[in-house]
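What follows is one structure encoded as structure tokens, with my remarks underneath.
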Amino acid sequence: MLPRGTGKDFVRSLRIPAKLPAALEVARDGRPRTVDVGRAHYRSWEGPEANAYFANFAGAGISGAIARRANSSSKALGGRISFFAATLAVFAAWKSADITVEIDGDRRSGDMFEVLVMNGDYAAGGMWVTPEAQPDDGRLDTLLIGDVTKLDFVRTFPKIYRGKHLSHPKIDLLHGAAVAVDAVPAVPVVLDGEQPGTTPARFELVPQALRVRVP
């Protein structure tokens, strides 16, 4: 794995260096590690159902709109600034949706901004979304973000870069191997920073699917 994407979050989750020369050394000399991946089923923008794999994270809600805005920006200041600016811009106008989530039979519903399904622990250019997630632990760490106010956002958003946001009363962390999401109205889906379609969506763990070299 080499750090060539916008956010570089999968290599960050694997603790691979962000600098290319050091990452090349890991690719040559690092120890093998077999990690899980995810498989997503969703509704494509053209209408039919579609499916794709994701290595690091998936989401349904505001993250899809953030990914689309970040990908349309110049990214000249790097991934972290691009995703930070996109988050601020999208949140200002975003409205929560009535979302239903089912995780290994545990059903939750209500007004939510986001459902983030994490295989790694980092996303969006360095946000430490699920600090305890491991990409080879046989589970998806799913973060539910409720109907937060703008004041909630201002107070809590900076904490996500340090992994200190999980104590917020409108944030829940659940674990499981399969996550189904539906929403009214439908919300955009994101897969590793790309935005291929909308809900309804289902995210499934594919255990021990990818062999990589890590430090």
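What follows is calculated from the coordinates using simple rules that are stated; it is not laboratory data. This one's a predicted model, so the numbers in the text were calculated from it and none came from an experiment. No Cβ is skipped: glycine too gets one built from the backbone with ideal geometry, and neighbour counts run over all protein chains shown.
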Report task. Give me the angle, in degrees from 0 to 90, between the Cα long axis of helix 20-29 and the longest principal axis of the Cα atoms of the chain, rounded to the nearest 10. Result -> 70 degrees
Report task. Would you calculate, for the chain, the mean residue ellipticity at 222 nm contributed by helices, counting each DSSP H stretch of 4 or more residues as -39,500 (n - 2.57) and dividing by all residues, to the nearest 500? Result -> -6000 deg cm²/dmol
Report task. List the extent of the Cα atoms of segment 38-207 along each of their three principal axes, largest first, rounded to whole Å. Result -> 36, 35, 30
Query raised in the report: With charges only on Cβ, +1 for K and R and -1 for D and E, what is the dipole size of the chain about its Cα centre, in debye, rounded to 20?
Result: 980 debye
Requested in this report: Set the Förster radius R0 to 25 Å, insert the Cβ-Cβ distance between Asp147 and Trp45 as r into 1/(1 + (r/R0)^6), and round the FRET efficiency to 0.05.
Outcome: 0.45
Query - Footprinting exposure proxy for Tyr161, Tyr53 (fewest neighbouring C-beta atoms within 10 Å first) - result: Tyr53, Tyr161
